[in-house]
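Undergrad: Structure provided below as structure tokens; questions to follow.
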Amino acid sequence: MAIVSLEISNRQPLAQEESFGEVGTYVQIDGTAHFAVDPLHAANDLITDLELAARDEAGLVRFSADFRILQPEDPSRGSHRVFFDILNRGKGTALRNFNDAPDLAPDQPLDVGNGFLMRQGYTVVWCGWQHDAPDAPGIMRLNAPGALEPDGSPVSGKLVVTFQPNALIHEQFLSDRNHRPYFAADLNDPDACLTVQEHEDAPETVIPREKWSFGRMVDGQLTPDPAYACMADGFEAGRVYQVIYRTVGAPVVGLGLAATRDLASFLKHGSTADGNPCAGDIRHVYTFGSSQSGRFLRDLLHLGMNIDESGRTAFDGLIPHVAGGKKGEFNQRFAQPSSQASRSPNNVFPFSDVSQTDPETGNTDGVLARLDAAGWVPKIMYTYTSSEYWGGGGSLVHIDLTGREDLEIPENVRVYVFGSAQHPLGTPNLRDFDPVNGNRGQQPFNCTDYRPLLRAALVNLDRWVTSEAVPPTSSYPRLDDGTAVGPGEVASAFARIPGVNFPNPLRRFRRLDFGFENGVASKIPAEFGSPFPNLVSAVDADGNEVTGIRMPTTRVPLATHTGWNLRHSDIGGEGQILSAGGATGGTLIGSSIPFPTTRAQRESTGDPRLSIQERYPSRDDYVTRVGAAARKMVDQGYILEEDIGRIAKYAAAHYDELAAHTLEPQPADN
């Protein structure tokens, strides 16, 4: 077994010994997992550079990772299931996405929110998988060995770092979101290159080498530093920059996939003698990953790494959330797992579960091709939002590479699109500015809270795995019913809304050729070819999407909700689609564009959308309609009974913010 030991550093009661219904109290276990994998085993064949890592006396490659387990104090009262939450940049997302917990700093004590996962009896698990996660309190990371040349020296090569600032800056850390960077090998390298573009698909201009350097400003003086790029003229807000340079040292980043697989398998199969705190208890293991970590799960599936060295399945069911058609930089030499750049290995073929042949390149592959060939395909529920269609190639998951045919969804797969929702969880109050990262949109950020849909998806997945209860059918934009259309076909709906601009340019996935051989790129930067087709959901007269699973507050709307927003002139790049974190790529921010509150306001602005006053006679009427929509979704299996009250409470607050304080009496009809 690939787990050597679990070194426990702390064991304490969870949430001050709060009791969670029939399950009772929980304990929190923190520590370090120690691994040893066989580089010659077929289960590890596709881990890039594993054969170049140092080996112990037994010929095994050793590494470690931080872990955390939340376990029922009396396991017999739990559900005998693991919920394995794939970390996002070293931080867990499960408690926020399923328990409605606040988004606290990782060094704060855990807040379990409404306790949903605990009341369901899950043992909740996290494991560090990202080698470059920042050194910060509470962040869990992977400690991976480096790839070595035959003489024992670290490997070297080229990479590209892409960034798009939200304000004029003079220095840029050579990583995303303050992660560990790859250092420049030579501060004076004449072949290092800096380019600039107006947007990611615009022509590139090379900035003369003498105008920039590897360094940072300290007390007004340029100080050489291999972790920074610096330019006296400054990096302009909204423009896209690429630094291309050589580095030395490449951790075997794909061991993060092995750590995830092997800890999941160990908790299910390991014995008490092995040091397994869950020995004899776990019958099923499910996993969830959001955004970056959802893409991580797509890579795990594509590489066939759901099967351990003993031939056992690690995960019985998976929920890759808001991953779009992307995978990620999780198993390449010099990988940058946090990168959102469009021209990165995030966006390479294949995109769909079923195998296809790219008519331009002749390549044939599918995300599930390896697992399907092995006969070990688990149950999978993909959950997406509108945002992934506008920036993450979402339609390529279920529409063929010509853009003309719907693909067959495999029997063990469901695809659920949360219509008119944005990539991150909706903000509870309307705002157009995020002080944390400096993002500002032309419209308020999307306020749709879709967490009830995730809770129901997990319950349905569990029933599907344990009792073969068939879950609700997939729901997503399709060509055969006219709900999947080109982005230009929905532009007219937004052109009629006062003050609303349409994305320009539109984002597209392009064919990328990195010259990969065994995970090592020979073409840096990549050569790129023609774009892939891109389709989005059709919308109604209000601009809200007509398909997918729509929350009751979207079915009974107070606003136009989109999966896209545009960069405000204050942060540069005006008119480009806005991304979370101020980064390039597909992590899009959406919009909630309120309806006029009164008929008079609608008529004065020329807004074609009926006002809130004309739609709903009162606040009570609105909340009642939302409740009825929620009840219908419970009957369809898309929402749990327990969430009806939460949705009604949210609807009332939503109405108060958007309407009640400005409503005027409606004139009588003549």
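Undergrad: Can you find, within region 331-376, the residue that is surrounded by the most Cβ atoms within 10 Å (Cβ to Cβ) among those that are under 15 Å from the mean Cα position of the chain (by Cα) and more than 21 Å from residue 528 (Cβ to Cβ)?
TA: Filtering first and then ranking leaves 337.
Undergrad: In region 408-422, what residues are out of contact with any helix residue (DSSP H, G or I) (no Cβ under 7 Å at 6 or more places or on another chain) and not in a loop (DSSP other than H, G, I, E, B)?
TA: Pass one, region 408-422, residues out of contact with any helix residue (DSSP H, G or I) (no Cβ under 7 Å at 6 or more places or on another chain): 408-414, 417.
Scanning region 408-422 gives 413, 414, 417.
Undergrad: Among the residues of region 267-294, what is the count of those that are farther than 16 Å from residue 85 by Cβ and touching a Leu at 6+ places or on another chain (Cβ under 8 Å)?
TA: 3
Undergrad: Moving to a separate point now. Can you tell me how many residues within region 491-501 are under 23 Å from residue 417 (Cβ atoms) and out of contact with any Asp or Glu (no Cβ under 9 Å at 6 or more places or on another chain)? If you could, list the steps in order and put the result at the bottom.
TA: Taking region 491-501 as the starting set, the residues that turn out to be under 23 Å from residue 417 (Cβ atoms) are 491-494, 497, 500.
Checking which are out of contact with any Asp or Glu (no Cβ under 9 Å at 6 or more places or on another chain) leaves us with 491-492, 494, 500.
Matching residues across region 491-501 total 4.
Undergrad: While we're looking at this one, here's another question. Let me confirm something: among 453, 479, 425, 461, which residue is crowded, with 20+ Cβ neighbours inside 10 Å, in contact (Cβ under 8 Å) with a residue 60 or more places away in the chain and over 24 Å from residue 658 (Cβ atoms)?
TA: Being crowded, with 20+ Cβ neighbours inside 10 Å, in contact (Cβ under 8 Å) with a residue 60 or more places away in the chain and over 24 Å from residue 658 (Cβ atoms) holds for just one of 453, 479, 425, 461, which is 461.
So that you can scan it fast, the table gives a plain yes or no per residue for (1) buried (at least 18 other Cβ atoms within 10 Å of the Cβ); (2) touching a strand residue (DSSP E or B) at 6+ places or on another chain (Cβ under 9 Å); (3) not assigned by TED's automatic domain parsing to the domain that holds residue 269:
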{"position": "81", "(1), (2), (3)": "yes, yes, no"}
{"position": "97", "(1), (2), (3)": "yes, yes, no"}
{"position": "113", "(1), (2), (3)": "yes, no, no"}
{"position": "122", "(1), (2), (3)": "yes, yes, no"}
{"position": "127", "(1), (2), (3)": "yes, yes, no"}
{"position": "135", "(1), (2), (3)": "no, no, no"}
{"position": "138", "(1), (2), (3)": "no, yes, no"}
{"position": "141", "(1), (2), (3)": "yes, yes, no"}
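Undergrad: With respect to the numbered conditions (1) of a type outside the set (A, V, I, L, M, F, W, C); (2) touching a helix residue (DSSP H, G or I) at 6+ places or on another chain (Cβ under 6 Å); (3) part of a loop (DSSP other than H, G, I, E, B), which one is the sole condition not fulfilled by residue 627?
TA: Status for residue 627: all satisfied but (3).
Undergrad: Which one of 131, 179 is within 22 Å of residue 254 (Cβ to Cβ), buried (at least 16 other Cβ atoms within 10 Å of the Cβ) and touching a helix residue (DSSP H, G or I) at 6+ places or on another chain (Cβ under 7 Å)?
TA: Just a single option satisfies the conditions, and that option is 131.
Undergrad: Would you call residue 648 at pLDDT 95 or above, surrounded by fewer than 22 Cβ atoms within 10 Å (Cβ to Cβ) and either under 23 Å from residue 493 (Cβ atoms) or polar (S, T, N, Q) (or both)?
TA: Here the answer is no, as residue 648 does not meet what is asked.
Undergrad: I need the full set of residues from region 1-35 which are hydrophobic (A, V, I, L, M, F, W, C) and within 17 Å of residue 141 (Cα to Cα), in order please.
TA: 3, 6, 8, 29, 33, 35 - these are the residues of region 1-35 that are hydrophobic (A, V, I, L, M, F, W, C) and within 17 Å of residue 141 (Cα to Cα).
Undergrad: So, one more: Restricting to region 505-521, name every residue that is at pLDDT below 95 and basic (Lys, Arg).
TA: The answer is 507, 508, 510.
Undergrad: Would it be correct to say that residue 56 is closer than 25 Å to residue 250 by Cα, surrounded by fewer than 18 Cβ atoms within 10 Å (Cβ to Cβ) and modelled with pLDDT of 95 or more? Show your work before the answer.
TA: Values: closer than 25 Å to residue 250 by Cα: yes; surrounded by fewer than 18 Cβ atoms within 10 Å (Cβ to Cβ): yes; modelled with pLDDT of 95 or more: yes.
It is true that residue 56 is closer than 25 Å to residue 250 by Cα, surrounded by fewer than 18 Cβ atoms within 10 Å (Cβ to Cβ) and modelled with pLDDT of 95 or more.
Undergrad: Which is under 28 Å from residue 89 (Cβ atoms), in contact (Cβ under 8 Å) with a residue 40 or more places away in the chain and not acidic (Asp, Glu), of 4, 23? Talk me through it step by step, then tell me what you get.
TA: Numbers: 23 fails: under 28 Å from residue 89 (Cβ atoms).
From the options 4, 23, the qualifying one is 4.
Undergrad: Could you say whether any residue in region 628-635 is without any contact (Cβ under 8 Å) to a residue 12 or more places away in the chain and not hydrophobic (A, V, I, L, M, F, W, C)?
TA: Checked against the condition, which is being without any contact (Cβ under 8 Å) to a residue 12 or more places away in the chain and not hydrophobic (A, V, I, L, M, F, W, C), region 628-635 yields at least one hit.
Undergrad: Test of understanding: among 187, 222, 142, which residue is touching a His at 6+ places or on another chain (Cβ under 8 Å) and either of a type in the set (A, V, I, L, M, F, W, C) or at pLDDT below 95 (or both)? Walk me through it before giving the result.
TA: Numbers: 187 fails: touching a His at 6+ places or on another chain (Cβ under 8 Å); 222 fails: touching a His at 6+ places or on another chain (Cβ under 8 Å).
142 is the lone residue from the list that is touching a His at 6+ places or on another chain (Cβ under 8 Å) and either of a type in the set (A, V, I, L, M, F, W, C) or at pLDDT below 95 (or both).
Undergrad: Could you check region 220-235 and list, in sequence order, the residues that are assigned to a strand (DSSP E or B) and farther than 30 Å from residue 577 by Cα?
TA: Of everything in region 220-235, those that are assigned to a strand (DSSP E or B) and farther than 30 Å from residue 577 by Cα turn out to be 221, 222, 223, 224, 225, 226.
Undergrad: Right, next: I'm trying to understand the selection: among the residues of region 194-242, which are buried (at least 17 other Cβ atoms within 10 Å of the Cβ), in contact with a helix residue (DSSP H, G or I) (Cβ under 8 Å, 6 or more places away or on another chain) and either without any contact (Cβ under 8 Å) to a residue 40 or more places away in the chain or within 19 Å of residue 156 (Cα to Cα) (or both)?
TA: none
Undergrad: Restrict the check to region 596-618 and report whether at least one residue is among the aromatic types (Phe, Trp, Tyr) and part of a helix (DSSP H, G or I). So that I can check it myself, show each step before the final result.
TA: Here is the first cut: in region 596-618, the ones among the aromatic types (Phe, Trp, Tyr) are 616.
Filter once more, so that each one left must be part of a helix (DSSP H, G or I): none.
Scanning region 596-618, I find no residue that is among the aromatic types (Phe, Trp, Tyr) and part of a helix (DSSP H, G or I), so the answer is no.
Undergrad: Determine whether region 65-73 contains at least one residue that is farther than 21 Å from residue 285 by Cβ and either touching a strand residue (DSSP E or B) at 6+ places or on another chain (Cβ under 9 Å) or hydrophobic (A, V, I, L, M, F, W, C) (or both).
TA: no
Undergrad: Now, a different point. So which pairs qualify, if the first residue must be in region 365-387 and in a strand (DSSP E or B), the second must be of a type in the set (Asp, Glu), the Cβ gap must be under 8 Å, and the two must be at least 6 apart or on different chains?
TA: Pairs that qualify, where the first residue is in a strand (DSSP E or B) and the partner is of a type in the set (Asp, Glu), are 379/316; 380/353.
Undergrad: Since residue 527 meets every condition but one in (1) within 30 Å of residue 157 (Cβ to Cβ); (2) surrounded by fewer than 20 Cβ atoms within 10 Å (Cβ to Cβ); (3) in contact (Cβ under 8 Å) with a residue 40 or more places away in the chain, which condition does it not meet?
TA: (3)
Undergrad: Let me ask another. Quick one: residue 120 ticks every box in (1) free of Cβ contacts under 8 Å to residues at least 40 places away in the same chain; (2) out of contact with any Asp or Glu (no Cβ under 6 Å at 6 or more places or on another chain) except a single one, so which number is it?
TA: Answer for residue 120: the failing condition is (1).
Undergrad: So, one more: Within region 49-106, count every residue that is of a type in the set (Ser, Thr, Tyr), over 24 Å from the mean Cα position of the chain (by Cα) and not in a helix (DSSP H, G or I).
TA: Number of matching residues: 2.
Undergrad: Does at least one position in region 429-447 carry a residue that is out of contact with any Pro (no Cβ under 7 Å at 6 or more places or on another chain) and part of a helix (DSSP H, G or I)?
TA: no
Undergrad: Here's another thing I want to ask about it. Have a look at 42, 105, 65 and point out the one that is over 20 Å from residue 456 (Cα atoms) and buried (at least 19 other Cβ atoms within 10 Å of the Cβ).
TA: So the residue among 42, 105, 65 that is over 20 Å from residue 456 (Cα atoms) and buried (at least 19 other Cβ atoms within 10 Å of the Cβ) is 65.
Undergrad: Let me ask something else about it. Only residues that are within 14 Å of residue 650 (Cβ to Cβ) and assigned to a loop (DSSP other than H, G, I, E, B): list them for region 544-558, please.
TA: 551, 556, 557, 558
Undergrad: Also, quick follow-up: Of the numbered conditions (1) farther than 21 Å from residue 520 by Cβ; (2) crowded, with 16+ Cβ neighbours inside 10 Å; (3) out of contact with any Lys or Arg (no Cβ under 7 Å at 6 or more places or on another chain), residue 162 fails exactly one; give the number of that condition.
TA: (1)
Undergrad: Determine whether region 495-515 contains at least one residue that is in a helix (DSSP H, G or I) and within 27 Å of residue 602 (Cβ to Cβ). Lay out the reasoning, then the answer.
TA: Taking region 495-515 and keeping what is in a helix (DSSP H, G or I), we get 495.
From the residues that got through so far, the ones that are within 27 Å of residue 602 (Cβ to Cβ) too are 495.
Taking every residue of region 495-515 in turn, at least one turns out to be in a helix (DSSP H, G or I) and within 27 Å of residue 602 (Cβ to Cβ).
Undergrad: Let me ask you something else. Residues of region 530-570 being surrounded by fewer than 20 Cβ atoms within 10 Å (Cβ to Cβ), touching a residue at least 24 places away in the same chain (Cβ under 8 Å) and small (Gly, Ala, Ser), which ones?
TA: Selection gives 530, 538, 541.
The values are calculated or read from the model by the stated rules, or taken from the named source; none is laboratory data. All figures in this text were calculated on a predicted structure; none of them were measured in a lab. All Cβ positions, glycine included, derive from the backbone under ideal geometry; neighbour counts span all protein chains shown.
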